[in-house]
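Step one of this worksheet: look at the structure below.
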Amino acid sequence: MAGKTLYDKIWDAHVVDTQDGESILYIDLHLIHEVTTPQAFAGLRANRRGVRRPDRTLAVADHNVPTEGQALGVDAVADEEARLQLQTLGKNVAEYGIEYFPMGDIRNGIVHVVGPEQGRTQPGMTIVCGDSHTSTHGAFGALAHGIGTSEVEHVLATQTLRQKKAKNFRVRIEGEPAPGVGAKDYALAVIGEIGTAGGTGYVIEYAGSAVRALSMEGRMTLCNLTIEGGARAGLVAPDETTFEYIKGRPAAPKGGAWEMALSYWKTFFTDEDAVFDREIVLDAATIAPSVTWGTSPEDVIPITGVVPSPDSFDTPDKRASAARALEYMGLTAGQKITDAKVDVVFIGSCTNSRIEDLRAAAAIAEGRRVAEGVRAMVVPGSGLVAAQAEEEGLDEVFKAAGFEWREPGCSMCLGMNPDKLTPGQRSASTSNRNFEGRQGRGGRTHLMSPAMAAAAAIAGHIADVRDFLK
Amino acid sequence: MEAFTRLDAKAAPLPLANIDTDQIIPKQFLKTVERKGLAKGLFYEYRTDEQGRENPDFVLNQPAYKGAGVLITGDNFGCGSSREHAPWALMDFGIKAVISTSFADIFYNNCFQNGLLPVVLKAEEVQQLMDEARGGNHVTSIDLEAQTVTSPSGAVFRFEIDPNRKAKMLRGLDAIGETLQAAPSIDLYEQKRALAQPWLEGA
């Protein structure tokens with residue numbers, strides 16, 4: 001009999017019951033936020049149901065929060081509907097006894113930054129949240145994925161989820177990357193290779209020497225973008241890098257429990273003889289700093305590349321989508337992507353707002369100036385990331401270079417708060433989606449790494465970070 | 001949840017690939033605390049121009065497709081954000097089934113929680129349905145029990161669906177109630193877990 005994959009092992013450890021081919025999977029950690037939960041709590045109330053494990057649930061305020069003036073609290077949020085959602089979350093967590101880091105609490109921030117930072121995210125766990133980028137937590141060897149609001153209600157009521165098992169897909173990235181290339185480029189290269197639907201129906205395990213060499217921040221970036229390739233969840237097997245990151249964090253096991261946890265966590269790896277339904281191998285050395293040109297994350301080209309022609313796509317609906325994307329993005333087939341001038345630079349989001357991301361951007365910004373007419377903003381992923389960056393003096397580096405240093409939140413990743421693009425504005429963004437209107441109606445998003453975004457801010461156009469490496 | 005058994009409705013063609021949930025319902029409509037009333041945000045940036053005026057070219061604004069109950073669309077429909085507001089908005093608008101060559105996982109799952117039927121057909125079948133859906137008085141029929149889609153001209157296409165999901169959809173069943181019947185198994189699982197992973201208790 002063939003061995004088990006990491007995914008198989010986590011799955012097997014959480015099956016409570018199986019009914020007619022559908023499994024009831026136990027959920028170890030449920031993260032919640034203001035946007036996808038109000039209707040779930042309303043549903044609980046309507047059916048007179050309680051929250052089964054408030055102690056395994058953690059709430060943050062992130063999607064709607066403004067990235068300034070947070071100390072004034074929720075009542076100061078100008079947008080009436082956003083304020084109501086935030087107030088509703090506050091009432092719901094109080095009623096059901098769920099721990100909550102509200103706006104202005106130093107522990108608050110983007111849900112996928114906070115979970116790991118608090119040591120809540122641990123290997124071998126099942127983790128869900130009403131947000132597709134829950135895949136981020138897979139970096140710890142946890143089975144983590146986004147769910148809809150009905151499923152949020154289901155997890156609140158039962159601490160389980162009804163699931164059918166997905167297939168196993170391994171992405172191996174081997175070798176040494178060139179300077180200026182990192183996790184974001186790997187992720188974009190993988191999506192470019194498999195397409196935005198390439199991972200549909202699979203859980204992806206990332207393996208190979210280039211993945212092993214990544215920090216936890218890098219692994220989180222890689223797993224975060226898994227959903228953009230259509231797979232709900234990405235995984236990296238836990239190792240010393242993982243354990244070192246968790247140790248000492250507020251929710252990490254302490255004392256004797258640490259050793260016990262460690263020996264449990266070490267059982268989560270893919271057996272040598274396990275069989276994957278699909279496997280691809282990428283050579284890290286051949287991956288260039290990458291950037292998107294269109295309105296789907298699969299629209300990836302190397303920074304040295306040109307905007308493709310719609311005729312180069314093989315199906316009529318793809319050609320139609322590419323033609324629409326070019327028009328929307330205000331680009332011409334054949335033009336060099338480095339000729340695209342940017343209006344806004346956004347460094348932040350659950351993809352790239354952790355300390356290492358800010359360090360990488362600051363290294364490019366240091367001693368340089370943001371180009372005339374460019375608005376460049378840095379939004380740390382949590383209050384604690386902001387505090388650490390300030391301790392390291394990164395905020396001063398950014399401010400001296402002409403970047404705005406803002407308060408934590410989802411910010412311009414999704415345009416649900418005051419940070420938005422205006423129609424026609426072009427952004428170099430470290431976020432995860434370049435969909436039409438994602439960062440604001442008519443906004444044109446180019447996805448890239450934090451260092452690349454910083455380089456674009458300095459150059460005033462999309463630029464090759466390698467020209468900025470000292 | 002309303003049961004879905006059979007649908008006879010006009011179908012609107014939207015031949016684009018990778019329509020994401022930001023397109024289906026843009027973020028400014030996610031600030032509600034209700035499930036209802038989202039029809040106004042459905043495909044908002046396709047349906048309206050920058051001044052908020054109706055765009056007459058968009059398929060769902062055309063008189064021939066008023067009252068459409070079926071949407072026929074390109075590959076990988078519903079990719080992106082997990083927002084359940086996407087199926088809520090489609091349902092609120094009157095769309096009860098979406099036909100495509102493929103759907104994104106989370107969206108597909110969310111449809112079944114709300115009685116919205118996602119139907120996967122082969123590329124040539126989807127193309128034929130799109131062609132036949134052009135113009136005025138056509139009716140596309142979907143029979144969930146028989147797992148068939150019948151085109152306006154009478155061509156019948158069979159689709160696959162998970163038997164559990166089908167059964168729940170046909171009866172409009174609530175998944176939470178069903179899971180709670182397994183409460184003793186959940187209790188037992190939690191007792192075992194508390195012994196094996198004590199550090200996760202009382203956090």
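For region B:163-184, enumerate the residues that are among the aliphatic types (A, V, I, L, M) and either part of a helix (DSSP H, G or I) or more than 9 Å from chain A (Cβ to nearest Cβ) (or both).
Result: B:A167, B:M169, B:L170, B:L173, B:A175, B:I176, B:L180, B:A183.
The residue list B:L38, B:L71, B:L90 contains one member that is more than 8 Å from chain A (Cβ to nearest Cβ), open to solvent by less than 10 Å² (accessible area, probe 1.4 Å) and touching a His at 6+ places or on another chain (Cβ under 7 Å), which is B:L38.
Kindly provide the set of residues from region A:147-202 that are among the aliphatic types (A, V, I, L, M), assigned to a loop (DSSP other than H, G, I, E, B) and open to solvent by 10 Å² or more (accessible area, probe 1.4 Å), ordered by number. Steps first, answer last, please.
Of all residues in region A:147-202, those among the aliphatic types (A, V, I, L, M) come to A:147, A:152, A:155-157, A:161, A:166, A:171, A:173, A:178, A:181, A:183, A:187-191, A:194, A:197.
Then drop every residue that is not assigned to a loop (DSSP other than H, G, I, E, B), which leaves A:147, A:166, A:178, A:181, A:197.
The answer is A:A166, A:A178, A:V181, A:A197.
If you go through region A:283-298 and keep only what is open to solvent by less than 20 Å² (accessible area, probe 1.4 Å) and either within 23 Å of A:F169 (Cβ to Cβ) or part of a strand (DSSP E or B) (or both), you end up with A:A284, A:I287, A:S290, A:V291, A:T292, A:S296, A:P297.
Checking the stated criteria, B:E145 turns out not to satisfy the condition of being more than 16 Å from the chain's Cα centre (by Cα), closer than 26 Å to B:A64 by Cβ, among the charged types (D, E, K, R) and more than 14 Å from chain A (Cβ to nearest Cβ).
If you check A:E366, A:E390, which single one turns out to be more than 18 Å from the chain's Cα centre (by Cα) and free of Cβ contacts under 8 Å to residues at least 12 places away in the same chain?
Values: A:E366 fails: free of Cβ contacts under 8 Å to residues at least 12 places away in the same chain.
Unique residue meeting the criteria: A:E390.
Evaluated against (1) surrounded by fewer than 24 Cβ atoms within 10 Å (Cβ to Cβ); (2) touching a residue at least 40 places away in the same chain (Cβ under 8 Å), A:D395 falls short on exactly one condition, (2). Taking A:L44, is it touching a residue at least 60 places away in the same chain (Cβ under 8 Å) and more than 30 Å from A:D79 (Cα to Cα)? Considered against the rule, which asks whether it is touching a residue at least 60 places away in the same chain (Cβ under 8 Å) and more than 30 Å from A:D79 (Cα to Cα), A:L44 comes out as no.
Which residues, taken from region B:41-56, are open to solvent by 30 Å² or more (accessible area, probe 1.4 Å) and more than 7 Å from every other protein chain (Cβ to nearest Cβ)? Talk me through it step by step, then tell me what you get.
Applying the first criterion (open to solvent by 30 Å² or more (accessible area, probe 1.4 Å)) to region B:41-56 yields B:44-45, B:47, B:49-56.
B:Y44, B:R47, B:D49, B:Q51, B:G52, B:R53, B:E54, B:N55, B:P56, listed by residue number.
Checked across region A:234-245, the condition of being of a type in the set (A, V, I, L, M), in a helix (DSSP H, G or I) and either open to solvent by less than 20 Å² (accessible area, probe 1.4 Å) or on the phi > 0 side of the Ramachandran plot (or both) holds for no residue. Within region B:163-175, residues that are exposed (fewer than 14 other Cβ atoms within 10 Å of the Cβ) reach partners that are modelled with pLDDT under 90 with beta carbons closer than 6 Å, at six or more positions or on different chains, in the pairs B:G172/B:M1; B:G172/B:E2. The conditions are (1) more than 14 Å from chain A (Cβ to nearest Cβ); (2) part of a loop (DSSP other than H, G, I, E, B); (3) closer than 28 Å to A:T295 by Cα, and B:S82 fails exactly one of them. Which is it? That leaves (1) as the condition not met. Scanning region B:9-22 for residues that are at negative phi, at the interface with chain A (Cβ under 9 Å from one of its Cβ atoms) and over 14 Å from the mean Cα position of the chain (by Cα) gives B:P15, B:L16, B:A17, B:D22. So, A:A42, is that one assigned to a helix (DSSP H, G or I), open to solvent by 40 Å² or more (accessible area, probe 1.4 Å), among the aliphatic types (A, V, I, L, M) and under 23 Å from A:A386 (Cα atoms) or not? Spelling it out, it is not the case that A:A42 is assigned to a helix (DSSP H, G or I), open to solvent by 40 Å² or more (accessible area, probe 1.4 Å), among the aliphatic types (A, V, I, L, M) and under 23 Å from A:A386 (Cα atoms). Of all residues in region A:203-233, those that are outside any loop (DSSP other than H, G, I, E, B) and either under 22 Å from A:A274 (Cβ atoms) or among the hydroxyl-bearing types (S, T, Y) (or both) total 16.
For (1) more than 23 Å from the chain's Cα centre (by Cα); (2) small (G, A, S); (3) open to solvent by 20 Å² or more (accessible area, probe 1.4 Å); (4) closer than 23 Å to A:A144 by Cβ, each residue gets a yes or a no:
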{"residue": "A:L6", "(1), (2), (3), (4)": "no, no, no, yes"}
{"residue": "A:D12", "(1), (2), (3), (4)": "yes, no, yes, yes"}
{"residue": "A:I24", "(1), (2), (3), (4)": "yes, no, no, yes"}
{"residue": "A:I27", "(1), (2), (3), (4)": "no, no, no, yes"}
{"residue": "A:E34", "(1), (2), (3), (4)": "no, no, no, yes"}
{"residue": "A:A46", "(1), (2), (3), (4)": "yes, yes, yes, no"}
{"residue": "A:P54", "(1), (2), (3), (4)": "yes, no, yes, yes"}
{"residue": "A:N64", "(1), (2), (3), (4)": "no, no, no, yes"}
{"residue": "A:A71", "(1), (2), (3), (4)": "yes, yes, yes, no"}
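Answer yes or no as to whether A:V35 is in contact with a helix residue (DSSP H, G or I) (Cβ under 8 Å, 6 or more places away or on another chain), assigned to a loop (DSSP other than H, G, I, E, B) and at the interface with chain B (Cβ under 9 Å from one of its Cβ atoms).
Numbers: in contact with a helix residue (DSSP H, G or I) (Cβ under 8 Å, 6 or more places away or on another chain): yes; assigned to a loop (DSSP other than H, G, I, E, B): yes; at the interface with chain B (Cβ under 9 Å from one of its Cβ atoms): yes.
Taking the combined requirement at face value, the residue satisfies it.
For beta carbons closer than 6 Å, sequence separation of 6+ or different chains, a first residue in region B:151-162 that is of a type outside the set (A, V, I, L, M) and a second that is part of a loop (DSSP other than H, G, I, E, B) and open to solvent by less than 30 Å² (accessible area, probe 1.4 Å), the qualifying pairs are B:P152/B:H138; B:F157/B:L121; B:R158/B:Q147; B:F159/B:L121; B:F159/B:Q147. Taking the conditions exactly as written (at pLDDT below 95, surrounded by fewer than 24 Cβ atoms within 10 Å (Cβ to Cβ) and out of contact with any Cys (no Cβ under 7 Å at 6 or more places or on another chain)), does A:G415 satisfy them or not? Considered against the rule, which asks whether it is at pLDDT below 95, surrounded by fewer than 24 Cβ atoms within 10 Å (Cβ to Cβ) and out of contact with any Cys (no Cβ under 7 Å at 6 or more places or on another chain), A:G415 comes out as yes. Considering A:G138, A:G109, A:G104, A:G124, the condition of being open to solvent by less than 10 Å² (accessible area, probe 1.4 Å) and either touching a Pro at 6+ places or on another chain (Cβ under 7 Å) or farther than 30 Å from A:R212 by Cβ (or both) is satisfied by A:G109 alone. Every condition in (1) in a loop (DSSP other than H, G, I, E, B); (2) over 29 Å from A:A42 (Cα atoms) is met by B:I72 except one, and the failing one is (1).
Anything in region B:95-152 that is of a type outside the set (V, I, T), assigned to a strand (DSSP E or B) and open to solvent by 10 Å² or more (accessible area, probe 1.4 Å)? List them, or say none. Can you show your working first?
Narrowing region B:95-152 to residues of a type outside the set (V, I, T): B:96-97, B:100, B:102-105, B:107-118, B:121-125, B:127-138, B:141, B:143-147, B:151-152.
Now drop any that are not assigned to a strand (DSSP E or B), which leaves B:97, B:100, B:103, B:117-118, B:141, B:143.
Answer for region B:95-152, where residues must be of a type outside the set (V, I, T), assigned to a strand (DSSP E or B) and open to solvent by 10 Å² or more (accessible area, probe 1.4 Å): B:F103, B:S141, B:D143.
Applying a threshold of 8 Å to beta carbon distances and a minimum spacing of six or more residues, or different chains, the list of pairs starting in region B:126-144 at a residue that is small (G, A, S) and ending at one that is assigned to a loop (DSSP other than H, G, I, E, B) reads B:A133/B:K10; B:A133/B:P152.
Only a single criterion out of (1) surrounded by fewer than 16 Cβ atoms within 10 Å (Cβ to Cβ); (2) away from every other protein chain (no Cβ under 13 Å) is not satisfied by A:G218, namely (1). Taking the criterion of being crowded, with 21+ Cβ neighbours inside 10 Å, more than 23 Å from A:R375 (Cβ to Cβ) and either of a type in the set (G, A, S) or touching a residue at least 40 places away in the same chain (Cβ under 8 Å) (or both), the residues of region A:316-346 that qualify are A:S321, A:A322, A:A325.
It is to be established whether one or more residues within region A:139-155 are without any contact (Cβ under 8 Å) to a residue 12 or more places away in the chain and within 25 Å of B:F77 (Cα to Cα). Break it down stepwise before answering.
Initial filter on region A:139-155 (without any contact (Cβ under 8 Å) to a residue 12 or more places away in the chain): A:154.
Right, trim to within 25 Å of B:F77 (Cα to Cα) and you get A:154.
Yes, there is a match, as at least one residue in region A:139-155 is without any contact (Cβ under 8 Å) to a residue 12 or more places away in the chain and within 25 Å of B:F77 (Cα to Cα).
The values are calculated or read from the model by the stated rules, or taken from the named source; none is laboratory data. Nothing here was measured: the structure is a model prediction, and the numbers come from that model. In this analysis, Cβ positions are derived from the backbone assuming ideal geometry, glycine residues included, and neighbour counts consider all displayed protein chains. With ligands, DNA and RNA removed, areas are computed over all heavy atoms of the protein, side chains included. Shrake-Rupley method; radii C 1.70, N 1.55, O 1.52, S 1.80 Å.
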